[in-house]
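Laboratory data are not the source of any read-out in this text; all were calculated from the coordinates shown. All figures in this text were calculated on a predicted structure; none of them were measured in a lab. Backbone-built Cβ (ideal geometry, glycine too); neighbour counts: all protein chains shown.
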Amino acid sequence: MKWLAPLLDLLFPRRCAFCRVLLDDEQLPNLLCRSCEQTVLNPDECCSYCGYPLAATGEGYCPLCSEHSYAFYAACAVSLFRGELRKAILRFKYGGKSELAVPFGQLMARQIRKCGWPDLAAVVPIPLHPQKLRERGYDQALLLAQVLGKELGLPVLKLLVRRQPTVSQTTLSAAQRWQNVAAAFAFNRQSGLPARVLLVDDLLTTGATAHFAAEVLLQAGVKEVYLAVIAHS
């Protein structure tokens, strides 16, 4: 079946995960064109708490993190929610392009490996409410988690349920976002609870959604929660 891969490449040429331009042979392993590759964040130059890029005089944490005490231990993102990546994420979430979970998940795995985090035991997606899942047709965080599980060799555990529908965070102020998701999640009890988990979502904005999801996991007995997203806004 060695002939199959070249045939698939001919029929479905591989494109940049962000801007969809055709990739040449040198770019294929990176999943991004040279221009989009330049937008990928360097974890060593980002806030070690929330993953946002630091100013040149940064001390390891960004000013935004002084306003909140997040329940997750650390976070990382592939890039910022702007430009071509913003368009790609909107295609992924609202345009039916569920196949983008594969390159996005692979890029997230690449970032996680750069962070030097301790060994993780499982991948946990932040779930959609069933009502929104029916509308969208797929859960983007679950798709990302499945790719990450394969890339990192970790089980994917659905430890969280979204117990109430919430208004889209995109329409709310920062304060309203925290109120909106304060009681959104519940623990989906399972045996063999992992000690250290990777929480997965597509975006990190105020951190409210990830905070309350992580809080539920910690209250259930998880010791540490790390967060990975495609983009930080």
Pairs of alpha carbons in segment 40-232 whose separation is greater than 28 Å (percent): 18 percent
Straight-distance crosslink candidates among lysines, where the alpha carbon sits under 29 Å from Lys87 and sequence neighbours closer than 8 are dropped: Lys97, Lys114, Lys132, Lys150, Lys158
Extended-chain gain in nm, criterion 0.36 nm per residue less alpha-carbon gap, His68 and Leu80: 2.3 nm
Length gained when the stretch Asn42-Val161 is fully extended (0.36 nm per residue, less Cα-Cα span): 39.6 nm
Label point distance in nm, Arg113-Asn188, each placed 7 Å from Cα along Cα→Cβ: 2.8 nm
Per-peptide average of other Cβ atoms within 10 Å, ordering 40-47, 202-209 highest first: 202-209, 40-47
